[in-house]
1. For the range 372-393, give me each residue that is surrounded by fewer than 20 Cβ atoms within 10 Å (Cβ to Cβ), modelled with pLDDT of 95 or more and closer than 30 Å to Phe520 by Cα.
2. Does the range 169-187 contain any residue that is aliphatic (A, V, I, L, M), buried (at least 20 other Cβ atoms within 10 Å of the Cβ) and closer than 22 Å to Ala467 by Cα?
3. For the range 509-518, give me each residue that is in a loop (DSSP other than H, G, I, E, B) and without any contact (Cβ under 8 Å) to a residue 24 or more places away in the chain.
4. With the condition kept exactly as written, say whether any residue in the range 56-76 is assigned by TED's automatic domain parsing to the domain that holds Asn25, farther than 24 Å from Ser36 by Cα, of a type outside the set (Val, Ile, Thr) and buried (at least 23 other Cβ atoms within 10 Å of the Cβ).
5. For the condition buried (at least 18 other Cβ atoms within 10 Å of the Cβ), modelled with pLDDT of 95 or more and either of a type in the set (Lys, Arg) or closer than 27 Å to Ser260 by Cβ (or both), what is the one hit in Leu509, Leu494?
6. Look at the range 359-403 and say how many of its residues are in contact with a helix residue (DSSP H, G or I) (Cβ under 7 Å, 6 or more places away or on another chain) and on the phi > 0 side of the Ramachandran plot.
7. Just name the residue that is surrounded by the most Cβ atoms within 10 Å (Cβ to Cβ) out of those in the range 519-544 that are in contact (Cβ under 8 Å) with a residue 60 or more places away in the chain and more than 28 Å from Glu361 (Cβ to Cβ).
8. If I ask for residues that are in contact (Cβ under 8 Å) with a residue 40 or more places away in the chain and either farther than 24 Å from Ser57 by Cβ or surrounded by fewer than 16 Cβ atoms within 10 Å (Cβ to Cβ) (or both), which ones from the range 1-25 would you list?
Amino acid sequence: MCGIHLIWGKGANEEAIHRLLQLSNHRGPDHKSACSPWPGLWLGANRLKIIDPNPDSDQPFWSADQNYLLIWNGEIYNFKELRTVLKKMGEQFSTVSDTEVLLKYLRIFGEKALPRLKGMFALAFVDLFKKSVLIARDPSGEKPLYFAQNSDTLIVSSETRGIAALIGSSWDVAQVNPYFYLRNPIPGKTFFKKIRAWKPSRYSTISAPSTFRWDSISFQKSSERAHFSSFKKLLDSAVHRQFSADVPVGMMLSGGADSSLLYSIWYRETGKSLPAYTIQVEKKYASKYADATFAKKFTAEIPADHELIYIDQDIFLKNWDDYLHSVDQPIGDSAGFLTWMIGKRAKNSVKVLIGGAGADELWGGYQRHRAFRKYLIQQRFWIKWAPILKNLPLGRERRKFLQAIHPDPHQTFLNFSALQNPDPELMEDYSRIFNKTLPLLKQSLDFDRQVYLTQDVLKILDNALMAHSIEGRSPYLDHDLISLWNDIEDPKILLGKPWIKQYLSEIGLGWIANRKKFGFGLPLQEWFTEGGPVSQRIFSTLRAWAKDHEKLLPKAVRQLCLHPELGAKTQFMTIYNLFLYFSLQQRLYVFYSGFFISCALVLAILNGLAFAMLWPDYPEINQAILYVAAGATFACLTLFNWHVRRQQGGILGRFGFYLCLVSALLLLFSP
């Protein structure tokens with residue numbers, strides 16, 4: 001696990017690459033380094049040592065002949081098999097790392113190597129002969145990668161914050177709408193205008209930083225039959241591979257089907273207990289948020305070094321600012337905070353945490369998948385009668401189902417996926433994501449894999465754990481399992497995770513298989529409806545933003561912010577998401593305000609020095625310095641005012657305006 005960075009073209013220098021390294025130090029505190037293969041190209045890597053901690057495996061990693069160079073983030077779980085293949089071809093190795101295997105494999109096979117890599121990765125491979133760079137991201141998007149590009153420069157990094165610091169990218173308010181409805185930016189976009197996400201499975205061999213074309217990594221066809229026995233075999237293999245590391249490994253244990261099955265397979269195979277971490281909420285909410293109850297029962301049967309991580313309102317507020325500092329852009333999911341808290345507790349004991357990400361998205365574990373199947377079975381009926389039935393007093397859940405019905409199946413599934421029915425114009429951005437070659441039910445699962453899994457689940461997993469220098473792994477996203485999934489179209493297999501539940505029942509854990517599905521998140525509905533310090537802080541933040549930034553907020557958002565108490569019971573997730581968004585905005589503009597005002601103060605001090613030191617003897621020089629300093633002060637404050645009013649408005653914008661006015665008057669009436 002690492003942070004990787006590349007700057008190619010104008011502005012590529014040692015100072016810039018080291019700034020990226022410094023801002024991503026949490027991603028790899030064990031080692032960081034940078035190099036320049038040729039003038040105008042710099043690469044750097046932060047390393048978290050998981051496989052082969054020997055310094056010889058540090059990055060950037062050069063070939064023995066110095067003609068090839070690799071930086072990458074992730075793990076290649078089949079690197080030992082690839083190493084055997086390379087040895088048969090006459091290759092020799094100086095380390096036991098997957099990094100050296102990956103470099104040699106890419107050197108020999110180039111782009112054709114990518115489909116054979118079973119793991120998670122974001123990489124940049126430099127060929128000094130061809131003066132080209134191969135950049136790629138794994139098909140599931142487990143490892144993040146972002147880039148900014150213009151006519152003469154390409155910047156690539158594992159996080160947005162470093163790129164934004166280099167190019168000064170402004171906040172993209174156009175992403176508020178998709179965030180409000182679907183909790184994250186439009187796929188391929190970020191909350192920074194000039195920064196884009198490198199999409200999963202994309203790769204490109206680039207010969208110049210100004211232009212490149214995309215290609216996609218395809219999964220190899222599964223050699224297994226689409227049968228339960230094949231699923232068991234491949235999942236066992238995935239657990240064996242992904243639980244292996246040269247550092248301590250632990251488990252994020254929810255007490256639900258997905259994580260419990262993974263740990264059970266490991267323990268049955270090895271007999272070794274591992275550290276396991278579970279969130280425990282306040283006792284009065286324990287019957288609804290029952291992870292701790294089920295996890296304790298599970299660890300009573302299957303031994304683990306089990307730790308409960310207690311969460312209440314005071315603990316949430318105490319840790320909120322630290323959590324916020326770890327977030328590079330908002331993802332509307334309170335599971336991000338809980339995962340961050342697990343990482344905070346686990347960081348002194350483990351360097352790898354295993355989780356159940358991907359099981360629900362691939363194997364139909366969410367309510368929206370069952371709702372969509374219900375819609376598809378009687379599509380004509382629902383399209384005809386939903387407009388009438390939705391006005392009847394049928395209960396909140398049935399009314400929500402009926403309100404989501406649309407003649408277009410893709411729009412219907414998007415409605416099922418959103419916190420509330422999105423604006424129709426958003427459909428244009430999301431409709432192209434659906435793979436129209438698949439059956440409609442499979443399209444919905446594939447959509448979730450590309451959007452919700454990548455942009456929400458995996459993003460917060462990486463962000464929250466890497467903040468504590470921990471690698472997150474997801475065995476359900478194993479290459480071979482997804483290849484098997486690609487061959488399945490039977491809705492009886494794709495809905496409700498039947499194979500996961502069958503496996504649990506076979507090993508005597510049927511009581512977990514029968515546990516009712518409940519999402520991983522904070523007890524927001526209870527906190528907001530019952531009152532207390534959390535609702536007081538969040539509601540006051542939303543009201544203040546609605547008053548100060550009225551023109552920047554969509555009408556629906558503004559109304560909810562002005563009266564959050566009215567949505568506490570039904571729109572609690574949206575309220576939390578807006579609080580996260582506004583909190584990050586506030587942090588950004590406090591930084592900008594401090595920067596610009598500091599510049600203005602420095603220039604004002606220069607004015608004072610000019611008066612005190614130069615006026616008596618050199619009036620002409622002093623007057624020139626005074627005008628330059630006053631003019632610079634005015635320009636600085638004008639820039640501050642423009643930036644804040646354009647991006648945020650409100651009190652800071654008005655404050656900037658008055659500072660500019662005072663500065664202009666001083667400039668006019670300077671002696």
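The values are calculated or read from the model by the stated rules, or taken from the named source; none is laboratory data. What you are looking at is a predicted structure, and each value in this text was computed from that prediction instead of being measured. Reconstructed Cβ throughout: ideal geometry from the backbone, glycine too, with neighbour counts over all protein chains shown.
1. Within the range 372-393, Arg373, Lys374, Leu376, Ile377 qualify.
2. no
3. Taking the range 509-518 as the starting set, the residues that turn out to be in a loop (DSSP other than H, G, I, E, B) are 509, 514-518.
Selection gives Asn514, Lys516.
4. As a first pass, look at the range 56-76 and keep what is assigned by TED's automatic domain parsing to the domain that holds Asn25: 56-76.
Right, trim to farther than 24 Å from Ser36 by Cα and you get 75-76.
This time we only want the ones that are of a type outside the set (Val, Ile, Thr), so: 75.
Next, from what is left, pick out any that are buried (at least 23 other Cβ atoms within 10 Å of the Cβ): 75.
For the range 56-76, residues assigned by TED's automatic domain parsing to the domain that holds Asn25, farther than 24 Å from Ser36 by Cα, of a type outside the set (Val, Ile, Thr) and buried (at least 23 other Cβ atoms within 10 Å of the Cβ): present.
5. Details: Leu494 fails: modelled with pLDDT of 95 or more.
Among Leu509, Leu494, only Leu509 is buried (at least 18 other Cβ atoms within 10 Å of the Cβ), modelled with pLDDT of 95 or more and either of a type in the set (Lys, Arg) or closer than 27 Å to Ser260 by Cβ (or both).
6. Total meeting the criteria: 1.
7. The selected residue is Val534.
8. Within the range 1-25, the first condition is being in contact (Cβ under 8 Å) with a residue 40 or more places away in the chain, and the residues that meet it are 1-12, 16, 19-20, 23-24.
Result: Trp8, Gly9, Lys10, Gly11, Ala12, Ala16, Arg19.
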